[in-house]
Amino acid sequence: MKQPRVMIIGAIGAGKTTLTNALLGMTHVAVKTQAMNYKDWIIDTPGEYSENPMFYKTIMATSLEASHVIFLQDATRTTCIFPPGFSKGIPKRTLGVITKIDHDQADVKRSITLLRRAMSAGPIVLTSAPNAIGIHHIYPILACETDEEIQRYCHENSENIVL
Ligand SMILES: Nc1nc2c(ncn2[C@@H]2O[C@H](COP(=O)(O)OP(=O)(O)O)[C@@H](O)[C@H]2O)c(=O)[nH]1
Ligand SMILES: [Mg+2]
């Protein structure tokens, strides 16, 4: 199995760094900072890159170094910062992650609708970092080699994953 290398994009405060740390803790790999936002097999991007269209080119260019791009959507947010169809400009496998589903203000259904506009294909995993919900499904999905494998995994774990 090839080690995935994933870039995480999303708004400021959406939970990118929290998710990065949870994923790295979970897979028991040493955290070695290779450059500013490179943490082992994860590229944790600043939220400004997703929020400011001036940085879209940087996102596109950096995605070339990754095998996958994770689109993060904060369940408490009423808007999605990515423009419609944004994932079409990124020639990599995409995975959606909804964060903060534990929050009082979370609206999971709304988040899925918002995220689908930006990310047309790929599964969406529902997560809560403090409650350790959903996060353990991310690595197995990234490790899948084919779309069929992804679909099988998602159907078997459909309580926290939407296809
Ligand atoms: N309730 C809740 N808070 C979260 C969750 N994930 C992240 N947070 C909080 O959201 C805030 C921003 O998280 P951070 O990872 O720094 O966001 P980033 O700017 O996208 O890197 C922090 O206070 C986190 O503790 C979650 O799943 N549930
Ligand atoms: Mg951060």
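The values are calculated or read from the model by the stated rules, or taken from the named source; none is laboratory data. Computed from a prediction, not measured in an experiment: that's the story for all the values here. Cβ sites come from the backbone with ideal geometry, for glycine too, and all protein chains shown count toward neighbours. Accessible surface is based on the protein model in full, side chains and every heavy atom, while ligands, DNA and RNA are left aside. Shrake-Rupley method; radii C 1.70, N 1.55, O 1.52, S 1.80 Å.
Identify, by number, the condition in (1) open to solvent by 70 Å² or more (accessible area, probe 1.4 Å); (2) in contact with a helix residue (DSSP H, G or I) (Cβ under 8 Å, 6 or more places away or on another chain) that Ala75 doesn't meet.
Status for Ala75: all satisfied but (1).
Residue-by-condition table, conditions (1) in contact (Cβ under 8 Å) with a residue 60 or more places away in the chain; (2) in a loop (DSSP other than H, G, I, E, B):
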| position | (1), (2) |
| --- | --- |
| Glu65 | yes, yes |
| Ile70 | yes, no |
| Lys88 | no, no |
| His103 | no, yes |
| Arg110 | no, no |
| Val125 | no, no |
| His137 | no, no |
| Glu145 | yes, yes |
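Sort out which residues of region 48-70 are open to solvent by less than 10 Å² (accessible area, probe 1.4 Å) and either modelled with pLDDT under 90 or more than 12 Å from ligand 1 (Cβ to nearest atom) (or both), and write them in order of number.
Result: Ile59, Ser63, Ala66, Val69.
Report whether or not Leu95 is hydrophobic (A, V, I, L, M, F, W, C) and either more than 15 Å from the chain's Cα centre (by Cα) or open to solvent by less than 40 Å² (accessible area, probe 1.4 Å) (or both).
Spelling it out, Leu95 is indeed hydrophobic (A, V, I, L, M, F, W, C) and either more than 15 Å from the chain's Cα centre (by Cα) or open to solvent by less than 40 Å² (accessible area, probe 1.4 Å) (or both).
Pick out the one residue from Leu114, Leu163, Leu95 that is in contact with a Cys (Cβ under 8 Å, 6 or more places away or on another chain) and at pLDDT 95 or above.
From the options Leu114, Leu163, Leu95, the qualifying one is Leu114.
Can you name every residue in region 10-39 that is away from ligand 2 (no atom under 11 Å from the Cβ), modelled with pLDDT of 90 or more and within 25 Å of Pro91 (Cβ to Cβ)?
Of everything in region 10-39, just one residue is away from ligand 2 (no atom under 11 Å from the Cβ), modelled with pLDDT of 90 or more and within 25 Å of Pro91 (Cβ to Cβ), namely Leu23.
Which residues, counting only those in region 113-136, are closer than 19 Å to Ala11 by Cβ and open to solvent by less than 40 Å² (accessible area, probe 1.4 Å)?
Leu114, Leu115, Ala118, Met119, Gly122, Ile124, Val125, Leu126, Thr127, Ser128, Gly134, Ile135
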